[in-house]
Every structure is written in structure tokens, then in C-alpha cells.
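The values are calculated or read from the model by the stated rules, or taken from the named source; none is laboratory data. Treat the numbers as computed from the prediction; the structure is a model and nothing was measured. Every residue, glycine as well, gets a Cβ built from its backbone with ideal geometry; the counts of neighbours run over all protein chains shown. Surface areas here come from the heavy atoms of the whole protein model, side chains and all, with no ligands, DNA or RNA. Shrake-Rupley method; radii C 1.70, N 1.55, O 1.52, S 1.80 Å.
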Amino acid sequence: MHEQAARFGRANHLTGITGLPSADARSTGVIVLNAGLVHRIGPFRLHVELSRQLNARGFPTLRFDLSTLGDSGASGESLAREQQVRSDVADAMALLRKQAGCSRFVLIGLCSGAQNAHLVAHSSEAVAGAVFLDGYAYRSTGFKLRHYLPRLLNPARVARHLARHVGRRLRAAPAAGPGFQVEFPPQARVRDELTIMLERGLKLYFIYSGGSSWYFNHRRQFGECYGRALADHPGVTVSFRREVDHTYILVGDRRRLLDDIESWLCTHFPQLAPAREARQAAAAT
Amino acid sequence: MTRRPEPDIPCHFGPHGGLFGLYHPGAFGAKTAVLLCPPLGQDLIRCHRLYRQLAHVLAGQGTAALRFDYYGTGDSAGGSEEVEWLRCLEDVATAAEELRLRSGCERIVGFGARLGASLALAAADNARLDELILWDPVLDGAAHVAALDALQAALRFDADRFVAPRPVKALADQWQGFAVGICLRQQLAELCLDPLHRRTLLLQSVVAGAAADRHRFAAAGAEVASLSQHTPWNELARLETAIQSHELIEIVSRRVQEVIHA
């Protein structure tokens, strides 16, 4: 594994770290997007650990800061946020294509990173897959039943819930905790965009944590949100880790997450870079 | 006077290029540069934006600055469980040399927050730091270890984070998101730092132990200043909230200007 710091982009304003496998590389590059305002190393260094583990399995990686986040500056353009994100990721793909010869890409993002991954995956032909950590989902009837029924049937939980909420209201200032609030686009639009991605052959991995339990509380909710056709599509993988927090603060939780992402990538993107394939073909003859 | 700083330069340096840094060029011919020593653990992430802003202000004043990550932290090589106090001290010295090399400055001011301040203080001789600016340095390692252990114990029951309490073993050998090796734990538990007899500015924004530290530093000839706002270093509810202080940036940049013109 070899890492290289890079200043790149159309205005030379982006900062990132490319990770190149020391042995034979795969043809699919992995780009890790910022999680919220945390700089490119990710919450508790999640993106560094992820990148290095994937490098060891032959995937070239790039973790970088989008415009004005982390160590990246502004591009000086007057672009809407969505266009800015698309342009930044296009710059990132160009860098990884140049440095590692990647022909297609998988995007990985947590929280706002998942939203940005969705945005780019929907619009860029170069994207072959995406991993959404606590990405879009919508409260379904099933969600509400699973959420409220146990509470209503358990007086002790009702009391605890009331005490917690009253306690919060009594505090002088609300604590800025690890909770997160994000604005989701209309459900029908997201469903349509996911359908288009799958029709294009993208592989999509949705991983929800217990930190998203205010809007997602069971694996089957994915089908309740988007329909069985999407949920059962061979290009879709869904998992729900109820016990885990939103930013994977525990080392063991992170390790299991990284192992699952690595396994999913190796299954869906086994292709080697052309040079290695040529060598293997030559050796076989 | 401020100028439009040149873009910072991301780089790898040190043994086997294992350390990551961002060099902020200063004005040509300047004699003094600033080494920004980051804290460890989650404080490193929380302070990232502030360190970047400070480096930009310094570079805008013509003073070169280097931000960097110790081995096992940030973008540097190594795993979190490999972070080790003595290696961090070596990294401070390596980074100071890198800054001298890149900037051409012989005079280096060391700045750090929390354990970053402790490292700047402990490495000052070997790294040949001429001046120190220390923000809430950890001087009593045992007390710090106890505070981090208490935070980690409380994390297990954090209802804002977990749906249900996690097993004890799931939180073992970690401090707030980072694996901790036995060696670092032992080294921090034994850490006991005293002020040095060199030009030092101690910046305080915590209440606990502040008076005693103030007197110790003042007795050693250091200047002491208090920030108007408390900094929530060890608060579980703010574990992932960035540390911001425009006041700190203003005080530090002013101090560096004083050093340059002294």
C-alpha cells in the first residue's frame, strides 16, 4: 500500500489522499466522501481504516475533502451545491483514473456523504456502485408500528421516554450531541433515482445503524419504502445494525463494518486492472 | 498587515514518508515559523478546523506554519493502537526540522492544544522550539487517564448514541472512538509535566486545576491568559462537536507577531 497526498481539482483547490495497492490493482476505484463536516479522515478515522483495508485487497482509493470542507478551499465558481459536489467528485475520479488507471468507481459515504454519493451515482456514468451509510429511507407504517407499539405496551418505557424529554427541555441549552438531522428529498424521487441506477447496472449497498433509528428500524423497511421490486433486486444489498451508533465509535463495530464493505466490494467488483489481467492471461497460455 | 497566503501544500515527510503534513508558506525572508502540534484522539478531529484557520491567519501575516499528524493519527501511517508517547515526541522534532527545511526559518514557535500542548512542552528541547504557546495543556497524565476512562465508561450508557447499553468488552481498550495500546496508557498515566524556563504563553479555558497550573507557570516566568469562554474538552454530549475559538486565533496570532517583532 502506498499513500500519496494530493492537491487537485479544476481550481487546484481540493485536498485528498490516494491509496494505491502495492501489488496488482483492481479496475474499480473507491472514493470516500466527507461525513458531515468531519475532514477526510472520517469519524474516529473510519475513512483511513477503510481506505487502507481496501488497498490491501487491491482497490485503489481516494479520500478527499469536498470544496470548503476539511483542507479543501473554494473553487471560486458560482455553482449550486449539488453541481459543486458533482464537479468535485468528477475531479476526484479524474485523479484516481490518472494515478491508478481506474475505469469505474464506487462511492462510499456516511450521512451527508451518503446523500452526495446518491447525487453523483444517479448522474455519473462512471459510477458503478455505492455504499450508503445511513442514507435515505422513509418512515413507513411498519416503522411506526415497530417504533410506537412496544413503547405503548410498556408503561416503564413510556415513563423513561417522558422523563428524558422533560429533562432535555429543562436544560438551559440543548447539548449538541452526535445526533443528526438531514433533509431528505421526496420519497418518490429517491425511489425513481434508485430504479434508474439499478437499470444502469449499479450495485448498491445500504447500511443503516441504530443511529438512524429515528427514521429506520428494520431491514424490511427498505422494501416498505421503495417496494419489493427494488428491495429484491440482485443489485441491492441492505443491512441494519441496530446496536451500532451513527458514526461507529466502537472499534469492533468499525471492524465489522469494514469487513462487510470489503466483502461486498470483492463480490461485486472482482475485476482486475487491465495490466494484471493481461499478465494472468499470458501466464495461463 | 495581512496578505493573501499561498495555498497550503499537503506532503508526506519523516521516516519512510510516514508523517502527513500541510505546510502553509509564509513570506520570503521571514525568520520565525510556527509548528502546530495537534492533540491526540478525538480532540485532533475536533480541533482540525481551528488549526487550519489559525494556520491561514498566520500565513496571511507572513508566518509559515506546519500542521501535521503523529504516527498512528490522522492521515499519517500507522494504526490508532500504535500511537505511542515517545514516538509522538520524535514526530514533533521531525516536524520541527521539516518546518525549518521548508521555511528556511531557524526560530520555531510551538503551539498545541491539550495533549498537543503537552507534546510541544515535553519535546521543546529536542525539537528546539524557541517559544511555546500552550492551550489547556495536560500536565497531570494520571488525572487525564482517569477522565478519559470515566468518559468511556459513560459512553456505554449514552442513550443519545446507542439504542441500548453496550457490553463492557465492546468498549475495552479504547478512548472515545480510538483504540489505545497498553504502552500509551501507561505513558500517559505516568506523565507529569512542569513548565520550562523559556518564553511561554499559557492559555487557559478550563476551570479544573487552572489556578494551580497558572501559579506554577507564572512562577517559571510564563505569561498566562484566560479565554473568556470555557472549552468543552471532556464532555460526552459534545464529543463530535468542533472546537471553535476566534478569540484563541486572535490571541495566538497576535502573540506570534509580538515574538517576531521582539
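Descriptive notes on the structure:
- Antiparallel content of DSSP bridges confined to region B:111-262, in %, to 5: 20 percent
- Spin-label proximity, A:Glu243 to region B:141-156 - amide N less than 16 Å from point 7 Å beyond Cα toward beta carbon: B:156
- q = 0.07, 0.09, 0.16 Å⁻¹, region A:2-284: log10 I(q)/I(0) [Debye, one scatterer per Cα]: -0.28, -0.46, -1.29
- The protein assembly as shown - convex hull of alpha carbons, volume per residue in Å³: 166 Å³
- Accessible-area value, B:Glu235, 1.4 Å probe, nucleic acids and ligands omitted, Å²: 60 Å²
- For residues of A:38-50, the mean tally of beta carbons on other chains within 10 Å: 5
- Over region A:2-284, Cα pairs under 8 Å with separation of 6+ residues give a relative contact order of 19 percent.
- Kirkwood Rh (inverse of mean 1/r, distinct Cα pairs), chain B, angstrom: 18.7 Å
- Ordering of A:104-112, A:247-255 by packing [mean C-beta count within 10 Å, highest first]: A:104-112, A:247-255
- If only the Cβ of Lys and Arg carry +1 and only the Cβ of Asp and Glu carry -1, the dipole of region A:2-284 around its Cα centre is close to 980 debye.
- Counting only other chain Cβ atoms within 10 Å of each residue's Cβ, the peptide B:176-183 averages 3.
- The Rg/Rh ratio of region A:1-58, with Rg taken over Cα atoms and Rh as the Kirkwood radius over Cα pairs, comes to 0.98.
- Annotation: peptides B:191-197, A:147-153, ranked by per-residue average of other Cβ atoms within 10 Å with the highest first, follow the order B:191-197, A:147-153.
- Carbon + sulfur, % of accessible area of the protein assembly as shown - ligands and nucleic acids excluded, 1.4 Å: 55 percent
- Peptide B:236-248 has a mean shielding of 3, counted as Cβ atoms of other protein chains within 10 Å of each residue's Cβ.
- Summed side-chain charge close to A:Ala231 - residues other than A:Ala231 whose Cβ falls under 13 Å, Lys, Arg +1, Asp, Glu -1: +2
- Cleavage-rule hits, chymotrypsin sites (Phe, Trp or Tyr not before Pro), region B:144-187, DSSP coil, Cβ neighbours within 10 Å at most 15: B:Phe157
- Heavy-atom accessible area, probed at 1.4 angstrom with all protein chains present, ranks A:Thr267, A:Thr195 as A:Thr267, A:Thr195, highest first.
- Mean-position separation - Cα centroids, region B:119-147 and region A:186-216, in angstrom: 47 Å
- DSSP bridge orientation in the protein assembly as shown - percent antiparallel, rounded to nearest 5: 35 percent
- Helix A:155-170 vs. chain A, principal-axis angle (Cα, 0 to 90°, nearest 10): 80 degrees
- The value of relative contact order for chain B, using C-alpha pairs under 8 Å at least six residues apart, is 19 percent.
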